[in-house]
1. Can you compute 3J(HN,Hα) from phi for each residue in segment 76-85, using the Karplus curve 6.51 cos²θ - 1.76 cosθ + 1.60 with θ = phi - 60°, rounded to whole Hz and x for Gly and Pro?
2. What shape does segment 69-136 have by the C-alpha gyration tensor, where a ≥ b ≥ c are the square roots of the eigenvalues, rounded means a/c under 1.5, and otherwise prolate means a/b greater than b/c and oblate the rest?
3. In a GNM of the chain with a 10 Å cut-off on Cα contacts, which of S162, S88, S193 has the highest mean-square fluctuation?
4. Calculate, for the chain, the solvent-accessible area per residue in square angstrom, rolling a 1.4 angstrom probe over the heavy atoms of the protein chains.
5. As an exercise, identify the trypsin sites (Lys or Arg not before Pro) in segment 115-154 lying in DSSP coil whose Cβ has no more than 13 other Cβ atoms within 10 Å.
6. Taking only Cα atoms and a 10 Å spring cutoff, compute GNM fluctuations for the chain and point out the largest among P174, P141, P150.
7. Which entries of K68/K109; K32/K211; K68/K120; K32/K120 have Cα-Cα distances beyond 23 Å here?
8. Subtracting the Cα-Cα distance from 0.36 nm times the residue separation, let me have the gained length for V238 to E15 in nm, one decimal.
Amino acid sequence: MITFLTSNPFIEGTESLNPKNRLVDELLFNIKRNNVRGLFICATPDNPDFTDGCRDSIHKALSEIGLKFSCFHVLDGRNPEKTQELTSYSDVIVLGGGHVPTQNRFFQKIHLRERLRNFKGVILGISAGSMNMAENVFVHPELPGETTDPHFTGEFQGLGLSTRNILPHWQKLPYDILDGKRMLQDIILPTTSDHVFYGLPDGSYIFSNGKREELRGESYLISNHHVRLICPDDATLVLQVN
């Protein structure tokens, strides 16, 4: 299995893939060019218009770089009973972005972790999709009211496709305010005594081919209440060799 944990694979403001840090080259190297069978798995199972729009965008972007698809299916609240059929049939699976807990509940409902256990193709995670690829998902509040909601929990079982917890859209995150609190200083850093995160700006990603796991592009390590740049842009940092 080949995995890409991206923050945002698109060039900002466009529907074209960002070639930074060899993302496009790596996708083309690892995906066959013709008769590709694609599958987009949603983050919001009950919003088909949004899901179809996201599918159309990634389909268009992947086609633009030279991949020719025979199909590009959607898996969401309309067809959960087809999870086994669609995942086993696909060459490329895209896990969409959105609200992490909502997407995680859907993944649990369709038993996606078990369905992907023997998958041999390419999985491209986008934002929330990348976060939910972790073995154990740790996510900070995202929506207004979640910081004070006594029922909010940010710990879930993930898909088990990575041991890394990422924080996407890092270029914006340190400046975000939620419920009057600073996202980085007041919400995220206090949790880093127990959890380690990798901050990925848009254009950076974690690549794994099952034998080697690498950070590609500007990346930050967030642990023990500190933030440290560990990989500059246009560079690669090996995280693990199996």
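1. 8, x, 7, 8, x, 5, 9, 4, 4, 4
2. rounded
3. Judging by the Gaussian network model, the answer is S193.
4. Normalised by residue count, the accessible surface of the chain is 46 Å².
5. R117, K120
6. For the chain, modelled as a Gaussian network with Cα springs under 10 Å, the answer is P150.
7. Those over the limit are K68/K109.
8. 77.3 nm
The values are calculated or read from the model by the stated rules, or taken from the named source; none is laboratory data. On a predicted model such as this, the values are computed, not experimentally measured, just so you know. Please note: Cβ atoms are built from the backbone with ideal geometry, for glycine as well, and neighbour counts cover all protein chains shown. Accessible surface areas use protein heavy atoms only, side chains included; no ligands, DNA or RNA. Shrake-Rupley method; radii C 1.70, N 1.55, O 1.52, S 1.80 Å.
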